[in-house]
Amino acid sequence: MKASVWKQFVARLQGSTVHHDVVRYGPDVEAVAAFEHDLAHRPDADLRHSADDLRRRARSGAPLGSLRHECFALVREAARRTLGQRPFDEQVMAALALDDGSVVEMQTGEGKTLAAVLPAALNALADRGVHVLTFNDYLADRDAAWMGPAYRILGLTVSAVQQGMTPEQRHAAYRADVTYVTAREAGFDHLRDLLATDPGGVVHRPFHFALVDEADSLMIDEARVPLVIAGHVDRETSRAPRLAAIVASLAPGLHFDTDEYARDVELTDAGIAQVERHLECGDLHAADNLSLLTEVNCALHARVLLRRDIDYIVRDGRIQIVDEFTGRVMRDRHWPDGLQAALESKEGLDRRPDGRILGSMTLQSLLRGYPKLSGMTGTASEAAEELHRFYGLHVVVVPTHRPVARVDRSDVVFTHRQVKERAIVEEIRRAHGSGRPVLAGTATIAESEQLAARLRDAGIACAVLNAKNDAEEAVIVARAGAPGAVTISTNMAGRGTDIRLGGEREEERERVASLGGLYVIGTSRHESRRVDRQLRGRAGRQGDPGESRFFVSLEDDLPVRYGIRGLLPARCFERSEAAVDNPVVLREVARAQRIVEGQNFEIRRTLARYSAVLEQQHRLFLDRRGALLSGELAPDVWQQAPQRRAALEAVAGEEAVVAAERSVTLRCLDRAWRDHLARCADLREGIHLVRLGGRDPLTAYTSGAIQSFSRIDDEVDAAVLEALENVRADGPTLDLSDAGPKAPSSTWTYLVNDDPFERRFGTMLTGPGGVTVAMYSAAVLTPLLLSWGLIERLFGRGSRHRRLPRRDVH
Ligand code: ADP
Ligand code: MG
């Protein structure tokens, strides 16, 4: 108790938003237990009756907080009866914190799935639906089926949304009291709803409460991933294959330079000249060639910086992106259009059909659209500051039910990568010799394969789990805890993977435990401490013994990016076969991760500041659209042409005319919004110029966005009025096929992968010191700056919006 008071005090001094002290929930836990005491001997029907009664009270206005103890007690009893699992006090604490709208940190295997049922059931009493946002489709299905009986015995309905469901099925699923769904499916449904021109086409109810599983992954790592809905248009001929061929002929060092860490690539003067000669386009940096320049940069980026079998794999004739954090193939994920096209051309693949983007939103703004939000994960405290800044959420750390018996050893550091690699093989051989299972976590697919090859050379059999063989995942994981098993995995075996000691045979459990349990080896440190901690967490579940250790070399990506060479004297880099034990080196290595993590945070923060204005405008737009769609707001533009309107009314009746005007207005509004988005994207693209021109880029961007937004009204009015001319009266019905923008005939959805150019944009704005700023301004911006007029064109009033190919929005 004393220690925790002290910890809290320190935390407050440091401005931290982590609460380690769950003692404050003590009285609530007791109150829940008191209600529960009475329930044990009552028949099932009685439980149902009590739940109905709670619902009635909630309907007649009782605040949910006043029903919480009783409701949690009921759910606890329901879970005991139906699932054979009575939520532990720790799970009740987690449930209380979740209901308070916090992010709960609870270790792997502690039962987050069950803990979430309590707040989900309570909030479902409000009759407005609850979403449990799961990590993937499989878990949505599993958790809804697994927890279903506990809800149903209380008369609550449960559903799961899956990819491939029809709109009708989705509509029904969102009518359940509790819906298990991935954030992406919920988000895609939301985007589709936003295109509906009649209220019957909307599948969601207004958002109410979301409970996010693996919260840090979704809220931080994936936060800026845009969900996109696109519609069909005719296929345009693309320049990408031609550019790929030109770029493939360029020579490194002569025609292009990469920065020291191979994070960025730029054409040299010779390279620019070469490209200009091939394309016969004149000055590549002329204002008219801006979109061409973008495409050339994409082609170059695809050739030089995107690495096959590291950043992506090619399977079934398609590019499949590998997620850096989870090591998995990301389904339906594309790079931003231009880059995707360039990469497909580089690999000589067929281009997927082009579409126009009809709507898009980031996961972050989707989540912020829920009036009440909470989350749970094994790794939240490292992300506490970000969670607070971006979502206003606090982190609550819930203690484990049983004490943690895993030993986390400190890192072993080597000077050279090769030496480290040998040491890892030795370490695995040693542990394997004793019969202990080993899990080695690698950063990339390529690395996992190399390590496997080295182990096989050393005569050690191993299983490899990476994005290329994800089909065998369940089998590999089931065996990973068996005596003598050696498993190599990319980050895939991180989140949610449950490795049981003894593997498939329960009777081996004790033997493995007596050997020390699972031994987790990390082959390098990740940029994010959370990813490393997830890996460690594979060992020592529910009080099991286990051990974890990371092997690091000064040649690894992280220390190199951090610039460790410049910070340490040269003798530290002299090749040595032994592990380094110089405390200065160890300290710098440890610091690298925190610094890089801090830089990434800074980048996300800057980008978030930029998107704030758009998000606000989006909300205004949605309010307006929603009111029009529901009929709350009557369209009124056609009154400006009373004669034409009266003529239509005479044939089709007033009701039909109002309906037609509504439908046309919605479509015009959608188009105006998309135009606005494109204008803002252009503003962003030009923002480097503002920075160089000495103005504050954020202010310039924001005022530009506000100006652009204010044009929407006039644009919509003009378009709606114009459409009136093209409405044809066809007997008693109105034909709108030529009036206003067309509704898309078919749509599809996808996620846009981390945009490297956005990252560059963020790095540039976060400030001085970045290599990128200097490189970018020298190689790209200087020539642009020469045409000073461009700045006026981008930021001046009434600037016409340029159409870039990757954002074709009309
Ligand atoms: P997490 O998501 O926190 O890693 P899970 O929800 O997958 O953990 O649960 C891990 C395991 O713990 C499951 O096998 C589950 O059945 C078990 N479990 C959870 N809560 C309880 C409980 N109160 N009593 C008994 N077993 C439980
Ligand atoms: Mg889980």
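Table for the structure above
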read-out: Cα-derived Rg over Rh, computed across the stretch 70-222 with Rh taken as Kirkwood radius; value: 0.96
read-out: For the stretch 196-323, share of DSSP beta bridges that run antiparallel, in % to the nearest 5; value: 80
read-out: Accessible area of the stretch 483-562 belonging to carbon and sulfur atoms, whole % at 1.4 Å probe; value: 40
read-out: Nearest-10 value in Å² for the accessible area of H432, using the 1.4 Å probe; value: 60
read-out: Accessible-area composition of the stretch 19-116, carbon plus sulfur, in percent [1.4 Å probe]; value: 51
read-out: Residue-by-residue Karplus 3J(HN,Hα) for the stretch 188-196, coefficients 6.51, -1.76, 1.60, Hz, glycine and proline x; value: 4, 4, 4, 4, 5, 4, 5, 9, 5
read-out: Farthest positive-ward along the stretch 468-594 dipole, Cα basis, beta-carbon charges - from V560, S489, S514; value: V560
read-out: With every protein chain in place, the stretch 601-689: carbon and sulfur % of accessible area (1.4 Å); value: 51
read-out: Options T113, S102, L125, ranked by Cα towards positive dipole end of the stretch 98-191, top entry (Cβ charges); value: L125
read-out: Long-range HN-HN contacts of G522 with modeled amide H, under 5 Å; value: G441, R549, F550, F551
read-out: Probe 1.4 Å, all protein chains present, accessible-area order of D408, D735, largest first; value: D408, D735
read-out: Largest to smallest accessible area among Y25, Y138 [probe 1.4 Å]; value: Y138, Y25
read-out: Fraction in percent of alpha-carbon pairs per bin - 10 Å, the stretch 420-526; value: 16, 51, 31, 2
read-out: The stretch 560-700 - charge dipole about Cα centre, Lys and Arg +1 at Cβ, Asp and Glu -1, debye rounded to 20; value: 640
read-out: Top positive-direction residue, dipole computed over the stretch 112-204 with Cβ charges, set W146, V158, G187; value: W146
read-out: Sequence ranges 435-441, 521-527, 267-273, ranked by mean other-Cβ count within 10 angstrom, highest first; value: 435-441, 521-527, 267-273
read-out: For R662, solvent-accessible area (1.4 Å; no DNA, RNA or ligand), Å²; value: 50
read-out: Accessible area, probe 1.4 Å, largest first, for residues E427, E649; value: E649, E427
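The values are calculated or read from the model by the stated rules, or taken from the named source; none is laboratory data. Given the structure is predicted, the values throughout are model-derived calculations rather than measurements. Note: ideal-geometry Cβ built from the backbone for every residue, glycine included; neighbour counts use all protein chains shown. Just the protein is used for accessible areas: all its heavy atoms, side chains included, with ligands, DNA and RNA removed. Shrake-Rupley method; radii C 1.70, N 1.55, O 1.52, S 1.80 Å.
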